[in-house]
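Peer 1: Could you have a look at this structure, given as structure tokens, before my questions?
The values are calculated or read from the model by the stated rules, or taken from the named source; none is laboratory data. Since this is a predicted model, take the numbers as computed values, not measurements. Neighbour counts run over all protein chains shown; Cβ positions are idealised from the backbone, glycine included.
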Amino acid sequence: MRSTFRDVGEVAARQLCCGCGACAYACPGEIEMIDVLDQGRRPRLKNALGEASRTADALKVCPGVGLEHPREKRAPEVIRELLPTWGPVLEVWEGHAVDPEIRWASSSGGAASALALFCIERADMHGVLHVAARPDVPYLNRTVLSTSREEILAATGSRYAPASPCDELHLVEEAPRPCVFIGKPCDVAATVKARAIRPKLDEKLGLTIAFFCAGTPSTRGTLEMIRRMGIDDPESVVSVRYRGMGWPGKAAVRFRTEAGEETRELTYDQSWGGVLEKHRQWRCYVCADHTGEFADVSVGDPWYRKIRAGEPGRSLVLVRSERGRRAVAAARDAGYLRLDRADPAILPASQRELARTRGAVWGRTLTCRLFGAAAPRFDRFPLFWTWWTQLSLKEKAQSFYGTAKRVFTKKLRQRLTCEPYVPPRARETTAVTP
């Protein structure tokens with residue numbers, strides 16, 4: 001896919017960056033990832049006056065500028081009724097992790113964690129590259145390579161904060177055996193782009209797992225969530241969980257007080273619906289892939305029915321490749337996953353909002369171009385068909401006039417400056433003593 005952008009710095013300035021970190025992996029001597037308080041993780045060129053040719057690989061792996069499905073003929077067993085809106089799906093399953101601790105701690109049924117653990121313990125893979133909380137600033141994220149059940153368990157639960165799991169893909173390259181990669185759909189898409197130009201990475205990627213994603217809130221969103229809980233000092237925070245410990249689980253923040261430690265909670269609707277979703281980065285509003293179409297396996301919540309109070313978590317598992325099919329079957333047979341074959345109609349019934357979001361993308365990207373704002377390109381995505389079939393007449397109109405309004409309110413025609421956010425605790429630990 002050809003890009004009209006000079007470098008990834010321009011991609012970030014024009015608000016199309018996903019924050020995945022693949023550019024920093026592709027050009028480690030030229031690019032580093034920083035956190036921008038109101039936007040998310042963003043690339044910073046170490047040499048602002050450097051030649052664009054030195055960061056050419058960064059644009060090649062960037063999912064923010066656009067995505068492209070391959071030209072080759074799709075597998076004959078792909079589920080045709082799902083293909084236009086949900087991408088290639090070979091099998092649909094519903095189930096959960098057999099390990100009760102993983103199931104309880106995870107956002108839904110723990111299927112992604114259980115599958116990754118199977119790959120490490122039984123499929124001779126070295127580890128799983130994924131996201132966990134930073135121990136020094138727990139409301140921020142870091143990328144980790146976990147190689148044990150304990151490490152995987154410690155990183156369970158959604159992390160509704162900016163993350164760049166692709167920035168450490170070199171750990172997969174350097175690993176002694178293949179690894180699992182878990183990330184958002186855009187992270188997996190970036191990894192697929194990266195493996196196409198890095199044969200060693202391609203060799204070491206044993207399995208890619210994506211989780212369904214409705215968008216990435218900025219760090220400002222998490223700080224606002226903490227404030228809504230009545231916690232005035234974010235530097236007192238000891239741990240942050242966004243989901244898990246039940247289904248869908250509560251957002252829970254543990255923090256220090258004069259008397260010791262205390263935990264405050266918000267329900268999922270209060271945390272995500274009441275705070276976090278309002279802080280999503282703009283690129284998520286023009287994203288065509290919210291369910292991991294480029295992954296081997298993708299997982300999400302089977303919200304096609306009302307969840308009973310106290311009901312244990314369950315996962316919707318989509319097999320998207322032959323590699324994914326083999327891994328899921330082997331994990332099920334080995335007793336890591338308990339799965340039941342599901343009717344494909346469960347997917348659109350479970351994720352109606354994601355279908356509407358994808359449906360709006362055609363109108364949103366067209367409006368951006370008409371008003372002079374940047375927009376991603378999506379090749380071999382039937383976006384007009386989805387716009388036409390998934391949206392009501394009012395929603396079709398809103399995809400145009402709502403976006404036209406956002407072009408001005410979000411300053412989409414301007415080039416934003418990406419200033420790094422450094423939390424006070426990190427500033428103290430990195431300060432130079434005179």
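Peer 1: Under 6 Å by Cβ, and 6 or more places apart or on different chains, what pairs join a residue from the stretch 3-18 that is over 17 Å from Ala163 (Cα atoms) and touching a residue at least 40 places away in the same chain (Cβ under 8 Å) with one that is β-branched (Val, Ile, Thr) and outside any loop (DSSP other than H, G, I, E, B)?
Peer 2: What qualifies is Phe5/Val11; Asp7/Thr55.
Peer 1: Across the stretch 210-237, which residue is farthest from the chain's Cα centre (by Cα) among those that are in contact (Cβ under 8 Å) with a residue 40 or more places away in the chain and more than 20 Å from Pro248 (Cα to Cα)? Working first, answer last.
Peer 2: Step one: of the stretch 210-237, the residues in contact (Cβ under 8 Å) with a residue 40 or more places away in the chain are 210-226, 228, 234-235, 237.
Then keep just the ones that are more than 20 Å from Pro248 (Cα to Cα); that gives 218-220, 223-224, 234-235, 237.
Values: Ser218: 13, Thr219: 15, Arg220: 18, Leu223: 19, Glu224: 21, Pro234: 24, Glu235: 26, Val237: 24 Å.
Applying the filter and picking the extreme gives Glu235.
Peer 1: Here is a follow-up. What tally of residues in the stretch 237-277 results from selecting those that are within 28 Å of Trp303 (Cα to Cα), touching a helix residue (DSSP H, G or I) at 6+ places or on another chain (Cβ under 8 Å) and basic (Lys, Arg)?
Peer 2: The total comes to 2.
Peer 1: Residue by residue through the stretch 275-299, note down the ones that are surrounded by 16 or more Cβ atoms within 10 Å (Cβ to Cβ) and either more than 29 Å from Gly324 (Cβ to Cβ) or among the aliphatic types (A, V, I, L, M) (or both). It would help to see each step written out before you state the result.
Peer 2: Kept after step one, since they are surrounded by 16 or more Cβ atoms within 10 Å (Cβ to Cβ), are these residues of the stretch 275-299: 275-276, 279-299.
Passing the criteria: Val275, Leu276, His279, Trp282, Val286, Ala288, Ala295, Val297, Val299.
Peer 1: Look through the stretch 84-102, keep the residues that are assigned to a loop (DSSP other than H, G, I, E, B) and either over 26 Å from Arg149 (Cα atoms) or of a type in the set (A, V, I, L, M, F, W, C) (or both), and return whichever of them is nearest to the chain's Cα centre (by Cα). Quick ask: steps written out before the conclusion?
Peer 2: We begin by selecting, within the stretch 84-102, every residue assigned to a loop (DSSP other than H, G, I, E, B); these are 87-90, 98-99.
Subsequent filtering for residues that are either over 26 Å from Arg149 (Cα atoms) or of a type in the set (A, V, I, L, M, F, W, C) (or both) retains 87-90, 98.
Values: Gly87: 17, Pro88: 18, Val89: 19, Leu90: 22, Val98: 25 Å.
Among them, the one singled out is Gly87.
Peer 1: Within the set of pairs 6 or more residues apart or between chains, which connect a residue that is on the phi > 0 side of the Ramachandran plot inside the stretch 60-80 to a residue that is modelled with pLDDT under 95 with Cβ atoms less than 6 Å apart?
Peer 2: Gly66/Met1
Peer 1: Does Gln390 satisfy being more than 22 Å from Glu10 (Cα to Cα), more than 25 Å from the chain's Cα centre (by Cα) and not basic (Lys, Arg)? Step through it out loud before you land on a result.
Peer 2: Details: more than 22 Å from Glu10 (Cα to Cα): yes; more than 25 Å from the chain's Cα centre (by Cα): no; not basic (Lys, Arg): yes.
Here the answer is no, as Gln390 does not meet what is asked.
Peer 1: Answer with yes or no whether Pro135 is within 30 Å of Glu235 (Cα to Cα) and more than 16 Å from the chain's Cα centre (by Cα). Reasoning before the result, please.
Peer 2: On the way: within 30 Å of Glu235 (Cα to Cα): yes; more than 16 Å from the chain's Cα centre (by Cα): yes.
Yes, satisfied.
Peer 1: Here's another thing I want to ask about it. Does Ala112 satisfy the condition of being within 21 Å of the chain's Cα centre (by Cα), surrounded by 18 or more Cβ atoms within 10 Å (Cβ to Cβ), among the hydrophobic types (A, V, I, L, M, F, W, C) and at pLDDT below 95? It would help to see each step written out before you state the result.
Peer 2: On the way: within 21 Å of the chain's Cα centre (by Cα): yes; surrounded by 18 or more Cβ atoms within 10 Å (Cβ to Cβ): yes; among the hydrophobic types (A, V, I, L, M, F, W, C): yes; at pLDDT below 95: no.
No, not satisfied.
Peer 1: How do the pairs read when you match residues in the stretch 309-328 that are crowded, with 16+ Cβ neighbours inside 10 Å and assigned to a helix (DSSP H, G or I) with residues anywhere that are modelled with pLDDT of 95 or more and among the aromatic types (Phe, Trp, Tyr), using Cβ under 8 Å and keeping only pairs 6 or more apart or on different chains?
Peer 2: These pairs meet every condition: Ala327/Phe118; Val328/Trp93.
Peer 1: Here is a follow-up. For the stretch 271-297, what are the residues that are over 20 Å from Gly359 (Cα atoms) and either without any contact (Cβ under 8 Å) to a residue 24 or more places away in the chain or not in a helix (DSSP H, G or I) (or both)?
Peer 2: Gly273, Gly274, Val275, Ala295, Asp296, Val297
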